[in-house]
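Written below as structure tokens is the structure these notes are about.
Bear in mind that the values in this text are calculations on the coordinates, not laboratory data. Not measured: the values here are computed from a predicted model. Note that each Cβ is placed from the backbone with ideal geometry, even for glycine, and that neighbours are counted across all protein chains shown.
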Amino acid sequence: MTGTDSRALILEGPPGISEARVHDYAHRYGPIKDIVVTPDVPMIVEGSEDNDQEDEENRLRKSAVRIEFKDMKDAAAAARSLKDHGATLAGAIPIEPANMKSTWVRFKWPQVTRAAWIHYSSIAEAKTMAEKLHGSFFRGKKITASSLRPDKRQKDLFAIKLERLPADTTREDLVDISQNSRLITMSELTYTARPREVFQQSAGVKFFVNIPEDPTKLSAVAFACLDSEDSILRAIQMHGTKLKLIGKQELTVERVWFVQYSLLTDVFKSVSTEVAALQIRYEGRVQVESRDFGDHYMVYLHAHHEETETFVQANLSLQAICHGLIVVALDDQPEWDDYLYSTSSIKVIENLNTKNSFYIFPNLSTRQIHIFGCGIEQDKGVSTIKKLLQRVRGSCREYPIHRNVIRQLIDGGLTEIQAAVGANKLSLDVIRSVLIVRGENSVLMQKIHHLLDFLPSKENLKRSRQLCSICKLKSGGSERNPTVKLLCGHVYCGACLKNALIYAAQNHFAPVKCISPGPAYDLERGSICGQPIAYTTARDLLPLLMEPDYLKVAFLSFIHSSLDEYFFCPSLQCNTVYRRRESETIICCPICRAWLCLFCGSMSHDGITCEKAKEMRVNIPRRC
Ligand SMILES: [Zn+2]
Ligand SMILES: [Zn+2]
Ligand SMILES: [Zn+2]
Ligand SMILES: [Zn+2]
């Protein structure tokens with residue numbers, strides 16, 4: 001099951017509803033496994049908080065109904081149908097139909113500032129200082145300064161007024177820039193309320209995105225996704241009002257298109273010129289902004305809601321930038337090598353990334369290599385990684401060995417050789433019965449020479465049914481090496497199978513399947529039994545720390561074998577898995593907060609259909 005899947009629905013029902021009644025209603029969607037009705041759940045009626053007396057009477061009692069279907073698909077169909085009829089579903093990720101119309105508004109209001117008055121001994125001095133300070137930058141903020149017309153009776157203390165000072169400015173800060181001032185006085189903050197919190201709590205807000213304040217700008221900005229046309233109209237009615245909340249200054253509310261993307265800091269740095277170019281290309285029609293969050297950057301894209309076409313183009317271009325270039329092999333399939341899972345590869349690639357202007361990102365979930373950077377840099381990145389993989393593959397040789405040798409290797413022989421030549425130089429895949437040698441090493445070759453030349457005595461070829469399928473020897477049945485009989489009836493030594501499981505977890509070959517000969521009628525084709533090793537068996541044999549690795553690898557290879565049904569979250573740094581839906585459905589990934597389409601499996605394409613987005617993506621240049 002994926003994050004958006006569930007076999008169970010939780011509904012609110014009228015008081016006293018019976019299980020039979022629920023069954024009558026729900027069984028049309030498919031076979032039901034279980035129904036639980038929990039009566040008398042106190043429920044607060046909306047809008048009743050103001051009046052205590054009414055509150056008591058209005059406090060209805062409702063039933064909580066939990067329906068569990070046998071099949072996930074039936075539960076999903078029931079959920080969709082009930083939702084269409086206005087029923088409330090709890091405990092599920094909010095799912096949206098594809099957005100053809102914008103549902104976002106932008107709130108924009110002045111940032112909190114202070115004013116200050118600086119007094120000088122002469123008018124001339126005050127005027128010179130006002131001219132000097134007006135439009136200058138004070139701690140990253142552009143401030144204004146004006147000299148105040150003096151009173152006729154005024155003999156000394158001629159003031160200038162500074163405005164738009166950062167909220168935390170102190171008198172001491174001003175002493176440094178004011179030269180020979182006689183007196184400095186400061187105003188209160190323009191407002192002390194927290195407008196972001198108030199906007200976020202307004203009725204109908206489903207998602208709220210705070211954009212951290214940019215000290216070089218005057219305004220603060222936030223975006224809200226609203227639940228209905230009514231809520232949008234209500235929000236827009238606030239446009240142009242002078243709110244007390246923000247010191248009686250003007251609030252701007254506009255209906256907009258809005259998306260945001262999270263990028264790893266290193267990725268952002270390698271695409272920042274492309275993002276800047278995008279900003280220039282759409283200047284005045286679509287705004288592209290980014291903010292640094294330490295380990296990642298957020299990139300925000302927004303446009304007036306009537307600029308749909310331009311927004312769609314800018315959004316797809318930004319998605320292409322954030323996605324980078326995928327390295328492909330000669331057959332046009334994504335280039336991949338399991339070497340990229342190794343810790344040594346992480347170090348090698350880290351080193352390449354710091355030395356160059358491109359950025360190589362091997363996505364361990366999707367098994368694709370992304371290259372970020374500008375034009376020629378991207379090309380350089382592609383050839384660099386290809387050369388690296390070529391070198392790795394070239395230095396790796398596989399030597400088939402007779403299965404009878406395996407037992408001796410597992411019993412300490414392998415560890416002994418590894419201790420002499422280095423653990424990463426030699427490994428053993430017991431399932432395929434091969435030794436894997438990395439690099440040129442004559443000492444190692446000498447040590448394994450006798451293993452490669454081993455010939456079995458005829459004796460061992462008989463009695464195959466009782467022999468371990470891995471080492472083709474009679475399994476010991478001892479405490480240290482128990483005999484394991486699988487559900488399919490085939491027999492293995494515990495030690496052999498354990499070795500196979502560990503190798504699978506470390507080298508991404510899970511799940512391990514039974515390699516004993518398959519049914520007699522298939523023997524000619526050399527087929528194997530193929531029964532996956534039961535989880536309980538794997539759990540009993542694997543070291544505790546290795547179990548999660550094994551499960552993860554097994555899960556990932558299951559997903560890779562059913563990519564028409566599942567897909568990975570399109571965010572690079574997110575490995576959430578989703579089940580595809582049969583219609584355009586937009587959700588916000590609860591892990592990485594990216595908006596994605598459950599139908600096409602790509603980033604959300606607000607303003608256009610999946611089909612149109614697919615068509616347009618082909619024509620979007622993937623590079624600068
Ligand atoms: Zn064995
Ligand atoms: Zn079997
Ligand atoms: Zn995600
Ligand atoms: Zn789609």
>> Given points 7 Å out from each Cα along the Cα-Cβ axis, report the K33 to I591 separation in nanometres with one decimal.
In response: 2.3 nm
> Which of the lysines could be linked to K612 by a straight reach, that is with a Cα gap under 18 Å, when you skip same-chain ones fewer than 8 residues away?
Replying inline: K101
>> Between the range 251-271 and the range 472-509, what is the separation of their alpha carbon centroids in Å?
In response: 52 Å
> Between I326 and S478, what is the label-to-label distance in nm when each label sits 7 Å out along the Cα-to-Cβ direction?
Replying inline: 5.1 nm
> With the Cα gyration tensor of the range 326-394 giving a ≥ b ≥ c as the square roots of its eigenvalues, does the rule (a/c under 1.5 for rounded; else a/b larger than b/c for prolate; else oblate) give rounded, prolate or oblate?
Replying inline: rounded
> Can you work out the FRET efficiency for the pair V175 and T609, with r the C-beta to C-beta distance and R0 = 60 Å, to the nearest 0.05?
Replying inline: 0.45
>> Just want to confirm a number: the relative contact order over the range 473-616, from Cα pairs under 8 angstrom separated by 6+ residues, in percent.
In response: 14 percent
>> Tell me the relative contact order for the range 326-394 as a rounded percent, counting alpha carbon contacts under 8 Å between residues six or more apart.
In response: 29 percent
> Too long at a 26 Å Cα-Cα cut-off: which of K387/K513; K108/K141; K347/K552; K425/K474; K141/K248?
Replying inline: K387/K513; K425/K474
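Based on the Kirkwood radius over alpha-carbon pairs, what value in µm²/s does the Stokes-Einstein equation return for the translational diffusion coefficient of the range 556-610 at 37 °C and 0.692 mPa s?
Numbers: Rh = 11.4 Å.
D = 289 µm²/s.
Restricting to DSSP H runs of at least four residues, report the calculated mean residue ellipticity at 222 nm for the chain, -39500 (n - 2.57) per run over all residues, nearest 500 deg cm²/dmol.
Values: 17 runs with 190 residues, N = 624.
Using -39500 (n - 2.57) per qualifying helix, the result is -9500 deg cm²/dmol.
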> Rounded to the nearest 0.05, what FRET efficiency is calculated for L455 and K70 with R0 set to 60 Å and r the Cβ-Cβ distance?
Replying inline: 0.60
> Can you give the extra length, in nm with one decimal, that the chain gains between S272 and R153 once fully stretched, where that is 0.36 nm per residue apart less the Cα-Cα distance?
Replying inline: 37.0 nm
